[in-house]
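Worksheet: one structure, shown below.
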Amino acid sequence: MKILAKNPVREAFAGKSTGCWDGTRRTGYYESKGGAVRAFESALEGYAFNFDPAELWDMSGNDGRITVEVCIVEDDFEGDEVYKDCVGRAVLSWHRMPSGRYEFTGYLA
């Protein structure tokens, strides 16, 4: 299974990018890289997806770009989360503004 072009998770994920309208307000700059990652992750969780927890993330520097696999998340019989097949990739890029906040752009590929 792959995340198809018309899947609404794509718009929800991209909507966490800096400057996007989320239906009530425009997404602002992020205080930290971790805060941005959590925002993008929340968009995935709403559709039973998440970033692959086995991947190592290197988000060093004031500017950069990473590609991370996105997996299906299901609960097992004991209620624990189980990460299943990779269904796509997330691309996140960032730039640290003079204010110290981060501009983020994300999309699913």
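Derivation of every value follows stated rules applied to the coordinates shown; laboratory data play no part. Small disclaimer: the values here were computed from a predicted structure and weren't measured. Using ideal geometry, Cβ is built from the backbone for each residue, glycine included, and neighbour counts are taken over all protein chains shown.
Taking 1.306 mPa s as the viscosity and 10 °C as the temperature, the Stokes-Einstein diffusion coefficient of the chain based on its alpha-carbon Kirkwood radius rounds to 110 µm²/s. Projecting the Cα atoms of ILE3, LEU56, ALA36 onto the charge dipole of the chain, computed from C-beta unit charges around the Cα centre, puts ALA36 farthest toward the positive end. Mean residue ellipticity, 222 nm, helices only, the chain: the sum of -39500 (n - 2.57) across DSSP H runs of n ≥ 4, divided by residue count and rounded to 500, is -5500 deg cm²/dmol.
The calculated FRET efficiency for GLU41 paired with SER99, based on their beta-carbon distance and R0 = 25 Å, is about 0.55.
How about LYS2: which lysines have a C-alpha closer than 16 Å to its C-alpha, ignoring those fewer than 8 places off in the same chain? Cross-link targets: LYS84. Please give the helix 33-45 orientation as an angle from the longest Cα principal axis of the chain, in degrees from 0 to 90, rounded to the nearest 10. The angle comes out near 40 degrees.
Normalised by the number of residues in the chain, the average gap of Cα pairs under 8 Å and 6 or more apart makes the relative contact order 29 percent.
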